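The values are calculated or read from the model by the stated rules, or taken from the named source; none is laboratory data. Given the structure is predicted, the values throughout are model-derived calculations rather than measurements. Don't worry about glycine lacking a Cβ; one is built from the backbone with ideal geometry, like all the others, and counts go over all protein chains shown. Side chains are part of the model used for accessible areas, which takes the heavy atoms of the whole protein and leaves out ligands, DNA and RNA. Shrake-Rupley method; radii C 1.70, N 1.55, O 1.52, S 1.80 Å.
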Amino acid sequence: MGYELSIVRLKKGAKVHFPAAIDALDKNPIAGPFDAKTRVRLQEAVSSFPYAKKMLGVKNCYEIEAPGGGRLEVLFTTDGGLFLESQAGLELTLALFMNLRSIHPDMALEDPQRGVLHDSISFDTWMCGQEEQHGFFQAA
């Protein structure tokens, strides 16, 4: 079992200071699912991401496995959702998220386990804290 995240579309004009606890916000900034045209563009970007390959037997699902370690599964649902499962590949998650923001800039990483929304900077900060907490961080 990996770490589950999703990439969500933000409402136009949503003012969010990341990281953002969803239940502490006055208004939920998450918009509905990605429309079909955007979903196709996002899928094309994922399929062309380095080391990405289509998972056999699973519709609209990709696996990204970097040679240096880390594995990420990316699932596009038919209703417009975009879900990620990271197996020691949080760096892959961040790289993919930053790449996809070039297609649709109004998006965030949602950590449903903690009820938090991230942009790339807050996710990177959180990720570095996880590495330190779990002993992965090596001081120079």
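Table: residues versus (1) of a type in the set (A, V, I, L, M); (2) over 24 Å from Cys128 (Cα atoms); (3) touching a Pro at 6+ places or on another chain (Cβ under 6 Å).
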| position | (1), (2), (3) |
| --- | --- |
| Val16 | yes, no, yes |
| Gln43 | no, yes, no |
| Ser47 | no, yes, no |
| Tyr51 | no, no, no |
| Cys61 | no, yes, no |
| Phe97 | no, no, no |
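Residues of the stretch 1-28 that are assigned to a loop (DSSP other than H, G, I, E, B), at pLDDT below 95 and open to solvent by less than 80 Å² (accessible area, probe 1.4 Å): Gly2, Gly13, Ala14, Val16, Leu25, Asn28.
Search the stretch 57-80 for residues being surrounded by fewer than 16 Cβ atoms within 10 Å (Cβ to Cβ) and of a type in the set (A, V, I, L, M), and hand back the single one that is modelled with the lowest pLDDT. By that ranking, first place goes to Ala66. I'd like to know if the stretch 31-47 contains one or more residues that are under 11 Å from the mean Cα position of the chain (by Cα) and either among the acidic types (Asp, Glu) or within 19 Å of Met127 (Cα to Cα) (or both). No - not one qualifying residue is present in the stretch 31-47.
Per-residue answers, yes or no, for (1) among the β-branched types (Val, Ile, Thr); (2) in contact with a strand residue (DSSP E or B) (Cβ under 7 Å, 6 or more places away or on another chain):
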position	(1), (2)
Asp35	no, no
Tyr51	no, yes
Lys54	no, yes
Pro67	no, no
Asp79	no, no
Leu82	no, yes
Thr93	yes, yes
Ile103	yes, no
Ala108	no, yes
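Could you tell me whether the stretch 44-55 includes any residue that is touching a His at 6+ places or on another chain (Cβ under 6 Å) and among the β-branched types (Val, Ile, Thr)? Checked the stretch 44-55: no residue is touching a His at 6+ places or on another chain (Cβ under 6 Å) and among the β-branched types (Val, Ile, Thr). Do we have any residue at all in the stretch 37-49 that's surrounded by 19 or more Cβ atoms within 10 Å (Cβ to Cβ) and either in contact (Cβ under 8 Å) with a residue 60 or more places away in the chain or over 12 Å from Ile7 (Cβ atoms) (or both)? Checking the stretch 37-49: at least one residue is surrounded by 19 or more Cβ atoms within 10 Å (Cβ to Cβ) and either in contact (Cβ under 8 Å) with a residue 60 or more places away in the chain or over 12 Å from Ile7 (Cβ atoms) (or both). One residue stands out among those in the stretch 81-96 that are over 15 Å from Glu110 (Cα atoms) and open to solvent by less than 30 Å² (accessible area, probe 1.4 Å): the one that is modelled with the highest pLDDT, which is Leu92. Applying the criterion of being of a type in the set (A, V, I, L, M) and assigned to a strand (DSSP E or B) to the residues of the stretch 103-122, the residue that is surrounded by the fewest Cβ atoms within 10 Å (Cβ to Cβ) is Val116.
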